[in-house]
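Asker: Take a look at the following structure, please.
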Amino acid sequence: MSTAFQAKRILLGISGGIAAYKACELASRLIKAGAEVQVIMTGNATKFVAPLTLRTLTGRPVMLGMFDEVKQWKVDHIGAARWADACLLAPATANLMAKLAWGLADDLLSATCLACAKPLVIAPAMNSGMYDHPASRENRAKLAERGCLLVEPGEGMLACGDSGQGRLAEPELILLWLAYALREEKPLRGRRVLVTAGPTRESLDPVRFLTNHSSGRMGYSIAKQAWLLGGEVTLISGPVEPEALPVNRIETESGAEMADRTLAAAAGQDIIIMAAAVADYTPAVKSAVKIKKRAGGLTLELERTTDILAELGRRKKAAQTLVGFAAETEDLLANARRKLQEKNADLMAANDLTRPGAGFGGGTNQLTLLWADGRSRELALMDKDDCAYEVVAAAEEIWRERAAGL
Ligand code: CTP
């Protein structure tokens, strides 16, 4: 994601709903990410947000009316449609979507969309009744069939006081879909990718559990990158604050639960990436009532959990590609290589937890990739999304070469 918008030209269409104010945030984030942004507003959108706000944020005059004279940047609707790498409509009202579905072009925004052959990302926002109306549903189906990417609105309290689906999706999710639209190469299209993320929680009693410091960020970044590369992604997540991602997410808590869900989903997967920090031990007895304190110490009896990756390694078939993470505080490469072999994995991402900027929590990581044939590659310290891209790209290459040899 970090370079997805660099030097990209984005046409941002804003139509008239209260969520129009959120388009300012989108414009600002795109500009900060290195994109050029040309805004087109409908007349109704200008009732909610001043064009001056968007002009200031983007550094370009906002395009408003079909027959207006644009002072600093001469462009008409055809020129804007040609100029753009992608078009983002946020918020898209029911009216705008109906016009697009039927090919109407009675204002600058709808005319530009009709002229635009570039990827179109639509983020609807409206009252839930309007969103759910059969007419709106038909329009969405029509637009989706035509290849438009629709970012589902969220659920919750709406500006009109109703509660339901219709709230403009979160900016992260909208930008993720835009990044997806801009990415031309999707080598994982048609491929199924299973990713695990986060820690596990091993209950001692109804109020206490054993866990670890994993934040889930690395695993979520991997799921995101696999999706951006076109994969059909299932994310099995331990208990973490979930990031909104357009993937099939399965929530789990204990290592046993993660093992059950992962092993049940594994058979049809092309690539499996075990980024979760699964507990190796769980309390032998889980007390049904709160353990009370007594004089003296307390000894916990722990028993081993299933090693999910090792079990996947035993069951591995055909081109299926298995990737593990080795989180270490000493003898990084020797331990990681031993795990690679013992668990029958194809790639191991060795993670030195003692290095500043690497490991649990935080936005960056530093990995060394180890292949089963003895090759290795030390990656620089980088953003977790970029690390995740390297891991997913390496896994895809292994899968592709192996599938070609079958
Ligand atoms: N793993 C797993 N199931 C477990 C433990 C680990 O699938 N019960 C996976 C992790 O998801 C990771 C890899 O195995 O991909 C290595 O995990 P790590 O915690 O580094 O090593 P362990 O095998 O648990 O060995 P140790 O704790 O002794 O370092």
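Asker: Quick one: count up the residues across the stretch 303-337 that are near the ligand (Cβ under 9 Å from one of its atoms) and assigned to a helix (DSSP H, G or I).
Answerer: 7
Asker: Could you grab me the full set of residues in the stretch 348-402 that are part of a helix (DSSP H, G or I) and either of a type in the set (A, V, I, L, M) or over 28 Å from Gly268 (Cα atoms) (or both)?
Answerer: Initially, the stretch 348-402 is screened for residues part of a helix (DSSP H, G or I), giving 384-402.
Result: Ala388, Val391, Val392, Ala393, Ala394, Ala395, Ile398.
Asker: Follow-up. Looking only at residues that are closer than 27 Å to Phe209 by Cα and more than 16 Å from the ligand (Cβ to nearest atom) in the stretch 249-279, which one is nearest to the chain's Cα centre (by Cα)? Spell out the reasoning first.
Answerer: Going through the stretch 249-279, the residues closer than 27 Å to Phe209 by Cα turn out to be 249-265, 273-279.
Narrowing the set further to residues that are more than 16 Å from the ligand (Cβ to nearest atom) leaves 249, 251.
Details: Arg249: 11, Glu251: 16 Å.
Looking at residues that are closer than 27 Å to Phe209 by Cα and more than 16 Å from the ligand (Cβ to nearest atom), I get Arg249.
Asker: Turning to a different aspect of this structure: So the check is Cβ under 7 Å with 6+ separation or different chains; which pairs have a first residue in the stretch 263-291 that's part of a loop (DSSP other than H, G, I, E, B) and a second one that's modelled with pLDDT of 95 or more and of a type in the set (Phe, Trp, Tyr)?
Answerer: Asp270/Trp399; Ala275/Phe325
Asker: Glu184 fails exactly one of the following numbered conditions: (1) under 26 Å from the mean Cα position of the chain (by Cα); (2) over 30 Å from Gly324 (Cα atoms). What is the number of that condition?
Answerer: Here Glu184 meets the rest and fails (2).
Asker: How many residues does the stretch 1-17 contain that are within 20 Å of Met126 (Cα to Cα) and touching a strand residue (DSSP E or B) at 6+ places or on another chain (Cβ under 8 Å)? Break it down into steps so the answer makes sense when it comes.
Answerer: We begin by selecting, within the stretch 1-17, every residue within 20 Å of Met126 (Cα to Cα); these are 12-17.
After this cut, where a residue has to be touching a strand residue (DSSP E or B) at 6+ places or on another chain (Cβ under 8 Å) as well, the list is 12-15, 17.
Here the count works out to 5.
The values are calculated or read from the model by the stated rules, or taken from the named source; none is laboratory data. Quick caveat, the model's predicted, so the values are computed rather than measured. Note that we place each Cβ from the backbone using ideal geometry, even for glycine, and neighbour counts take in every protein chain shown.
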